[in-house]
1. Among Gly66, Gly43, which is the only one that is touching a residue at least 24 places away in the same chain (Cβ under 8 Å) and out of contact with any Ser or Thr (no Cβ under 9 Å at 6 or more places or on another chain)?
2. Any idea how many residues of region 143-176 are touching a residue at least 12 places away in the same chain (Cβ under 8 Å), out of contact with any Lys or Arg (no Cβ under 8 Å at 6 or more places or on another chain) and either outside any loop (DSSP other than H, G, I, E, B) or away from ligand 2 (no atom under 15 Å from the Cβ) (or both)?
3. I'm told Ser10 meets every condition in (1) among the small types (Gly, Ala, Ser); (2) more than 15 Å from ligand 2 (Cβ to nearest atom); (3) surrounded by fewer than 23 Cβ atoms within 10 Å (Cβ to Cβ) except one. Can you identify the failing condition by its number?
4. Which members of region 135-149 meet the condition of being within 16 Å of ligand 1 (Cβ to nearest atom) and under 16 Å from Pro118 (Cβ atoms)?
5. Restricted to region 54-80, and to residues that are out of contact with any helix residue (DSSP H, G or I) (no Cβ under 7 Å at 6 or more places or on another chain) and aliphatic (A, V, I, L, M), which residue is farthest from Ile95 (Cα to Cα)?
6. Whether any residue in region 77-91 is touching an Asp or Glu at 6+ places or on another chain (Cβ under 7 Å), within 16 Å of ligand 2 (Cβ to nearest atom) and of a type in the set (A, V, I, L, M, F, W, C) is what I want to check.
7. If you scan region 1-50, which residues turn out to be within 14 Å of Leu68 (Cβ to Cβ), among the aliphatic types (A, V, I, L, M) and within 17 Å of the chain's Cα centre (by Cα)?
8. Consider Ala125 against the criteria (1) buried (at least 22 other Cβ atoms within 10 Å of the Cβ); (2) touching a His at 6+ places or on another chain (Cβ under 6 Å): it satisfies all of them except one. Which criterion is unmet?
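Computed from the coordinates by the stated procedures, all read-outs in this text should not be read as laboratory data. Treat the numbers as computed from the prediction; the structure is a model and nothing was measured. Counting neighbours? That spans all protein chains shown, and the Cβs are built from the backbone with ideal geometry, glycine included.
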Amino acid sequence: MKVCTLVSGSSGNSTYISDGTTSVLVDAGVTGKRIEAELAAIGVSPTDIDAIFITHEHVDHIAGIGVLARRYGIPIFANYRTMCWLKYYKKVEKIPEERLVVFENDTELEFKTLKVRPFSIPHDAADPVGYRFTSGGVSVAVSTDIGEVTDNIKRNVKGCAVVVLEANHDVEMLKKGPYTYLLKKRILGDHGHLSNDVSASFARELAENGTETIILGHLSAENNTPELALKTVRQGLEGQETACACRVLLAPRHSHGEIITC
Ligand SMILES: [Zn+2]
Ligand SMILES: [Zn+2]
């Protein structure tokens, strides 16, 4: 399988996943034009995208879905409550109803050659999910916008070869930073975003359970730096043999990252 983040962070998120036969995006949170450009940069045509799987209705995950779905006839997959919000925001207006596919959380579905498991995550949205995709016995996962690492997340993400994992903020930077008290409370809460420290300890668990590559994503522009996120998570893996074999990479904020093959 191939995994590549196209953009990542509070100003937009989208991840490309393909098994060579079926290609999908998880979210499309920047303009359709930006997604087209990032796909072109990795040699993928938007016409090759078979579906967009939505994690939740926040704008940094859905900004481009309407344009892409209308322009290329790409179906949109989301659970019922998220789909209701997409309709409310008029993001899926003028997309034929049959191209809006509603699934149930925590239930595996088959989409062409991919097995797709949307799993519930704690975040302040209607009904947010992460995703695990499996093909040919190999699994990859996208798990960002998570307030805490729940047992359900662990169950679904452990054992995946590649994991896009949130490392949103450094707690000290956030506490000392310019955000309001309420916003800090929201981000630090168990339905907010994952800190570098918590990401590091989960990364260690993942690495000990066979994950080969962890891509750190959804970094805050104000409350984190790429260097700090990388350093914190890499330090978390130090001193453990299997963990040391695991690569930790960064998802760039405004452009596509490395294409990971697993
Ligand atoms: Zn969100
Ligand atoms: Zn987000």
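1. Working: Gly43 fails: touching a residue at least 24 places away in the same chain (Cβ under 8 Å).
None of the others qualify; the one that does is Gly66.
2. Of the residues in that region, 20 qualify.
3. Condition (2) is where Ser10 drops out.
4. Within region 135-149, Val142, Ser143, Thr144, Asp145, Ile146 meet the criteria.
5. The extreme case among them is Val59.
6. Yes, because at least one residue in region 77-91 is touching an Asp or Glu at 6+ places or on another chain (Cβ under 7 Å), within 16 Å of ligand 2 (Cβ to nearest atom) and of a type in the set (A, V, I, L, M, F, W, C).
7. Passing the criteria: Leu6, Val7, Val24, Leu25, Val26, Ala28, Val30, Ile35, Leu39, Ile49.
8. The number of the failed condition is (1).
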